[in-house]
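Q: One structure follows; several queries about it will come next.
Bear in mind these aren't lab numbers, they're just calculated from the coordinates by the rules spelled out. Note that the coordinates shown come from a computational prediction; the quantities given were computed from them, not determined experimentally. Neighbour counts run over all protein chains shown; Cβ positions are idealised from the backbone, glycine included.
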Amino acid sequence: MSGVEAYATAAQVYAAGLVFARIGAMVMLVPGLGDASVPPRIRLSFALLMSFVLTPLVAHNLVVPTTLGAGAGALIRETLVGLMMGSILRLFLASLSTAGEVVSIQTTLGFAQTANPTQAAPSTTLSTFLALIGTVLVMTTDLHHLFFGAMVNSYKLFPFGHAIMVGDAATLAVQTVAGSFALGIQLAAPVIVFSIVFNIAAGLVGRAMPQFQIFFVATPLSVMLGLSIFALSLGMIGMVWTSRYRELLEVFS
């Protein structure tokens, strides 16, 4: 008997490895835990802990394959399922980034770039701010508890050994991207409406008074009024986005 078998059977080790492949892939992408600012060792440790907890619940009747190819195929399949679910949850967070980008463009702050801790690349200041607000809302409203439910229920949606529904996963990804972009535009709608009205008024003033330096007067007003409207609508943005994100999580949990 080898050293491993003294503590766990081959079937238990194999089951734990498959569970870790799916859970680890999800943890690396879900909002909050999967952010670039979180150290990889923390994410890896959390995924390992969740795998130890879930293995007795979801993999009690798993059979060890007899060939190396079958085992490698099962491992790749579980990794793809985890990446698919984690990517869907991450894609919806892009709605806040879209809203921040649109507000930045409308308030002439598109060139103000800051490091975004939720991703490796920098983004506009307002986009980074909204991304951080989204992560805070996920944690403070206990939406991260639904992440755990999605991890457990993923084994009901995608049991071991069944074929991956690639077409359905691709359709869901496209719908999530389209929905997140539409939601981002809706969240930025107050600033968009203000920008349209303000630019039309500034254009009329410029036509009526050609000698008036409208650009030097309109730019500061556009920034101040646009940010004021954005600040007033921030509460609405948080409530609407949290409600829509909860609906998405309930699909998996």
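Q: Which of the helices (runs of 4 or more DSSP H) contained wholly in segment 27-110 include at least 2 residues that are over 19 Å from the mean Cα position of the chain (by Cα) and among the hydroxyl-bearing types (Ser, Thr, Tyr)? It would help to see each step written out before you state the result.
A: Working: elements: 40-58, 68-92, 94-106.
Counting at least 2 such residues, we get 40-58.
Q: Scan segment 222-245 for residues that are touching a residue at least 60 places away in the same chain (Cβ under 8 Å) and either loosely packed, with under 12 Cβ neighbours inside 10 Å or of a type in the set (Lys, Arg) (or both) and jot them down.
A: Result: 244, single match.
Q: So, one more: Of these, 194, 198, 252, which one is surrounded by 14 or more Cβ atoms within 10 Å (Cβ to Cβ) and within 15 Å of the chain's Cα centre (by Cα)?
A: Answer to the check: 252.
Q: In addition: Of the residues 171, 219, only one is part of a helix (DSSP H, G or I), in contact (Cβ under 8 Å) with a residue 60 or more places away in the chain, surrounded by fewer than 16 Cβ atoms within 10 Å (Cβ to Cβ) and of a type in the set (Ser, Thr, Tyr); which?
A: Answer to the selection: 219.
Q: What are the residues in segment 159-202 that are among the aromatic types (Phe, Trp, Tyr) and within 19 Å of residue 239 (Cα to Cα), if any? Walk me through it before giving the result.
A: Step one: of segment 159-202, the residues among the aromatic types (Phe, Trp, Tyr) are 160, 181, 194, 198.
Hit for segment 159-202 is 181, nothing else.
Q: Keeping to segment 131-166, report how many residues are part of a helix (DSSP H, G or I) and either crowded, with 18+ Cβ neighbours inside 10 Å or over 17 Å from the mean Cα position of the chain (by Cα) (or both).
A: 16
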